[in-house]
Amino acid sequence: MDGDPRVQLSELTYTDWVKLSELVAHLWFLALALVVTGLVYMLAHAMIPSLADTGDLPVDVSRRMRAPLYLVMTMGLTAVAVLVVKGTLLAVAVLPTIYPRLAI
């Protein structure tokens with residue numbers, strides 16, 4: 001491929017590196033948001049109801065504990081959706097610069 005005149009290789013510029021670092025940061029925040037949202041979901045839908053079923057936690061207390069967790073879960077799912085969209089837009093902006101022939 002070194003002799004293929006159709007492929008024009010260029011070095012990454014400072015702007016490309018900045019975009020790549022933003023993309024990687026979005027991926028890290030996406031992973032963090034997924035983990036937090038998953039743990040909150042498990043707490044709200046598995047652990048607290050289990051404690052209420054066994055009688056270790058009163059039912060009215062378990063309902064009051066679950067309500068704020070739904071808010072945190074909704075915020076987490078919103079953050080995941082936003083990070084996926086922003087990360088995809090960043091990837092579409094920077095990857096064709098690095099890999100001009102993505103399909104091959």
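The values are calculated or read from the model by the stated rules, or taken from the named source; none is laboratory data. Keep in mind that this is a model prediction, so the values were computed, not measured. Methodologically, a virtual Cβ is constructed for each residue, glycine included, from the backbone with ideal geometry; neighbour enumeration extends over all protein chains shown.
Sort out which residues of region 41-53 are over 26 Å from V80 (Cβ atoms) and surrounded by 12 or more Cβ atoms within 10 Å (Cβ to Cβ), and write them in order of number.
Here is the first cut: in region 41-53, the residues over 26 Å from V80 (Cβ atoms) are 51-53.
Within region 41-53, L51, A52 meet the criteria.
Count, please, the residues in region 51-104 that happen to be basic (K, R), touching a residue at least 60 places away in the same chain (Cβ under 8 Å) and either in a helix (DSSP H, G or I) or over 25 Å from L27 (Cβ atoms) (or both).
Within region 51-104, the first condition is being basic (K, R), and the residues that meet it are 63-64, 66, 86, 101.
Subset that is touching a residue at least 60 places away in the same chain (Cβ under 8 Å): 86, 101.
Those still in the list that are either in a helix (DSSP H, G or I) or over 25 Å from L27 (Cβ atoms) (or both) too: 86.
Adding up the residues that qualify gives 1.
From the list L90, L32, L77, L27, exactly one residue is surrounded by 13 or more Cβ atoms within 10 Å (Cβ to Cβ) and touching a Leu at 6+ places or on another chain (Cβ under 8 Å). Which is it?
Details: L32 fails: touching a Leu at 6+ places or on another chain (Cβ under 8 Å); L77 fails: touching a Leu at 6+ places or on another chain (Cβ under 8 Å); L27 fails: touching a Leu at 6+ places or on another chain (Cβ under 8 Å).
Every option except L90 fails the conditions.
Quick test of your reading of the structure: D56 fulfils all but one of (1) surrounded by 12 or more Cβ atoms within 10 Å (Cβ to Cβ); (2) farther than 30 Å from E11 by Cα. Name the failing condition by number.
The number of the failed condition is (1).
Applying the selection to region 10-24, what residues are part of a helix (DSSP H, G or I) and either loosely packed, with under 10 Cβ neighbours inside 10 Å or not acidic (D, E) (or both)?
Y14, T15, W17, V18, K19, L20, S21, L23, V24
Criterion first (assigned to a helix (DSSP H, G or I), among the small types (G, A, S), out of contact with any helix residue (DSSP H, G or I) (no Cβ under 6 Å at 6 or more places or on another chain) and modelled with pLDDT under 95) does A46 satisfy it?
Details: assigned to a helix (DSSP H, G or I): yes; among the small types (G, A, S): yes; out of contact with any helix residue (DSSP H, G or I) (no Cβ under 6 Å at 6 or more places or on another chain): yes; modelled with pLDDT under 95: yes.
For A46, the condition - assigned to a helix (DSSP H, G or I), among the small types (G, A, S), out of contact with any helix residue (DSSP H, G or I) (no Cβ under 6 Å at 6 or more places or on another chain) and modelled with pLDDT under 95 - is met.
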